[in-house]
Amino acid sequence: MSTTPLPGIGVKYDLTTREHRHLSVVAHRDGSRSVNAYRADDPDACALSLHLTGAEATTLAEALMPEHRSPSLLHTTDLGLVAERIPLPATSYWNGRLLGETRLRAETGASIVAVLRRTDAIPSPRPDFRFAGGDTLIVIGTREGLDAAVTILERE
C-alpha cells in the first residue's frame, strides 16, 4: 500500500490486490472516505466510486475487520474524538523546531500523542521534542481541533 498526502484534503491510500486490481481510499479531513475501484483492463478507469460518511466508513471497516479489540481500549468516535496521522514533509516550517513552539494543545485542544519516525515510534513527545521532516504525527482531539491543528502544522 502506498500513501500520498493531499494537502487541504486528507490522505490517499492506494492498494493493489492479489488479483492485480487497483483500489484507492481518500481519507478526507472531515472524517469521510472516498473508496474507488478501478477496472482490471484499464487501471486508470474507475469502475466504482463510493463516498462514505465517517460513520459509514467505520461500519464498513468493522465489517471488514472482525472485532479483536480489547474492551479496555477507547473507541474514540464514541467519545467525540478522532485520531489522525498528519505527515510532516521535509519542507515543513516545523522541521527542526520544538513541539512546544507549535502551541498546538493550547491553541486547538488537540494533542500530539505519538510521532512515527522512520522505523521508530515516539510515544508522548514532550514540549522539547524536535520535529524532523518525514515525521508522521499522531494527533487526537475533536474534529474541529484536528482541523485547526492541521492548519498550524501546514504553516509555511
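Of note:
- Cut-off under 5 Å, modelled amide H: who pairs with residue 21 long-range: none
- The 3J(HN,Hα) values that the Karplus relation (6.51, -1.76, 1.60; θ = phi - 60°) gives for region 40-49 are, in residue order, 5, 7, 8, x, 8, 9, 7, 8, 8, 9 Hz. Gly and Pro appear as x.
- Local net charge near residue 138, Cβ-Cβ under 11 Å (Lys/Arg +1, Asp/Glu -1): -1
- The ellipsoid equivalent to the alpha-carbon distribution of region 92-156 has semi-axes of 17, 13, 11 angstrom, derived from the gyration tensor eigenvalues as √(5λ) and listed largest first.
- A simple charge model with +1 on the Cβ of Lys and Arg, -1 on the Cβ of Asp and Glu and nothing else charged puts the dipole of the chain at about 440 debye relative to its Cα centre.
- Sparse-neighbour loop sites [trypsin sites (Lys or Arg not before Pro); region 28-68; at most 13 other C-beta within 10 Å; DSSP]: 39
- Note on surface exposure: 51, 22 rank 51, 22 by accessible area, highest first, 1.4 Å probe.
- Crossing angle, helix 54-64 versus the chain [Cα axis fit, 0-90 degrees, rounded to tens]: 60
- Dipole magnitude (debye, nearest 20) for region 110-156, charges at Cβ of Lys, Arg, Asp, Glu: 180
- Working from Cα pairs under 8 Å separated by at least six residues, relative contact order for the chain is 18 percent.
- Taking only protein heavy atoms and a 1.4 Å probe, the accessible area of the chain is 56% carbon and sulfur.
- Prolate/oblate/rounded call for the chain, Cα gyration tensor, a/c under 1.5 rounded: prolate
- Radius 12 Å from Cβ of residue 92, net charge of other residues (Lys, Arg +1; Asp, Glu -1): -1
- Under a 5 Å amide H cut-off, with hydrogens placed 1.01 Å from N, residue 113 pairs with 138, 139, 140 among residues at least 5 apart or on other chains.
- Estimated [θ] at 222 nm from DSSP helical runs (n ≥ 4, -39500 (n - 2.57)) normalised by residues in the chain, nearest 500: -5000 deg cm²/dmol
- Rounded to the nearest 20 debye, the dipole magnitude of region 89-135 is 40 debye, with +1 charges on Lys and Arg beta carbons, -1 on Asp and Glu beta carbons, and the Cα centre as origin.
- Scalar couplings 3J(HN,Hα) for region 6-23, obtained by applying the Karplus form with A = 6.51, B = -1.76, C = 1.60 to θ = phi - 60°, are 10, x, x, 10, x, 9, 9, 10, 10, 9, 10, 6, 4, 8, 6, 9, 9, 10 Hz; x denotes Gly and Pro.
The values are calculated or read from the model by the stated rules, or taken from the named source; none is laboratory data. What you see is a predicted model, and the numbers here were worked out from it, not measured in a lab. All Cβ positions, even for glycine, are placed from backbone atoms using ideal geometry, and neighbour counts span all protein chains on display. Heavy atoms of the whole protein, side chains included, go into the accessibility calculation; ligands, DNA and RNA do not. Shrake-Rupley method; radii C 1.70, N 1.55, O 1.52, S 1.80 Å.
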